[in-house]
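For reference, the structure discussed in these notes is given below.
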Amino acid sequence: MRKIILNLATTLDGLIEGTNGEIDWCILEEDMHFDSFLESIDTIFYGRVSYDQWGNYQPDVSASDMEKQLYSAIQSKEKFVFSSQPRIDSKATFISTDVVAQVEKIRNQPGKDIWLYGGAKLITTFIENGLVDEYMISVHPTALGAGKPLFDISGRLNLVLADTKVFKSGVVQLIYTPNKK
């Protein structure tokens, strides 16, 4: 069975974006080996808002070669968008009903792991339905004070630390798995 991996950046104070949606605090360095993560997946799960903002993002002409390569790799993945507003899109499959059943059907198909990209509402749905197999949270050395929190869940979430990585920028990546007890 394919793993569903929540791979997300957060600020030190647990926010995934500022009050105006800003993510300019997010650091991406070569030593983070994000390209290796992208090679390990072949599918991305988006919420509609996240997909509309980032699902077809193309970096500026002036962007670094690394950024262009990463976004090219992201664009090559199969995309599923979970939304109460179904629509036809040639670059993604929209899912508006039976989320858990649809996710299980996709997860049980052959392939590589799946990146749960977000947004916050979709992440909450996945967590509350036990659909996340791995939490790969990169904590960035910035505190915003206000914005959208990483988690907006209704109950406790117990996890087990599986690995940590520290990068030269000060970003700390924490990798957790659900505590099955």
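So MET1 clears everything in (1) assigned to a loop (DSSP other than H, G, I, E, B); (2) within 19 Å of SER169 (Cα to Cα); (3) of a type in the set (A, V, I, L, M) except one condition, right? Which one?
(2)
Can you tell me which residue is modelled with the highest pLDDT among those in the range 34-56 that are surrounded by fewer than 16 Cβ atoms within 10 Å (Cβ to Cβ) and small (Gly, Ala, Ser)?
Looking at the filtered set, the residue picked out is SER40.
Name, by its number, the condition in (1) in contact with a Phe, Trp or Tyr (Cβ under 7 Å, 6 or more places away or on another chain); (2) buried (at least 16 other Cβ atoms within 10 Å of the Cβ); (3) modelled with pLDDT of 95 or more that does not hold for LEU122.
All conditions pass for LEU122, except number (3).
Could you grab me the full set of residues in the range 2-26 that are crowded, with 16+ Cβ neighbours inside 10 Å, more than 15 Å from the chain's Cα centre (by Cα) and not aromatic (Phe, Trp, Tyr)?
Listed by number, the residues that qualify are ARG2, GLY18.
Please determine whether any residue of the range 93-110 is surrounded by 15 or more Cβ atoms within 10 Å (Cβ to Cβ), within 16 Å of the chain's Cα centre (by Cα) and not charged (D, E, K, R).
yes
Being touching a residue at least 60 places away in the same chain (Cβ under 8 Å) and surrounded by fewer than 18 Cβ atoms within 10 Å (Cβ to Cβ) is the filter here, so list the residues in the range 149-164 that pass it.
Result: PRO149, PHE151.
Condition check ((1) free of Cβ contacts under 8 Å to residues at least 24 places away in the same chain; (2) assigned to a loop (DSSP other than H, G, I, E, B); (3) out of contact with any Ser or Thr (no Cβ under 8 Å at 6 or more places or on another chain)) across all residues:
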residue	(1), (2), (3)
TYR71	yes, no, yes
VAL81	no, no, no
GLN109	no, yes, yes
TRP115	no, no, no
GLY145	no, yes, yes
GLY170	no, yes, yes
ILE175	no, no, no
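Among (1) of a type outside the set (Phe, Trp, Tyr); (2) modelled with pLDDT of 85 or more; (3) touching a helix residue (DSSP H, G or I) at 6+ places or on another chain (Cβ under 6 Å); (4) in a helix (DSSP H, G or I), which single condition is LEU131 missing?
Single failed check for LEU131: (4).
Scan the range 68-85 for residues that are farther than 19 Å from ALA120 by Cα and either loosely packed, with under 13 Cβ neighbours inside 10 Å or under 17 Å from the mean Cα position of the chain (by Cα) (or both) and report the count.
Number satisfying all stated conditions: 9.
Does the range 24-44 contain at least one residue that is part of a strand (DSSP E or B) and among the small types (Gly, Ala, Ser)?
There is no residue in the range 24-44 that is part of a strand (DSSP E or B) and among the small types (Gly, Ala, Ser).
The values are calculated or read from the model by the stated rules, or taken from the named source; none is laboratory data. Bear in mind that the values here come from a model prediction, so they are computed numbers and not experimental data. Neighbour counts are summed over all protein chains in view; Cβ atoms, including those assigned to glycine, are modelled from backbone coordinates with ideal geometry.
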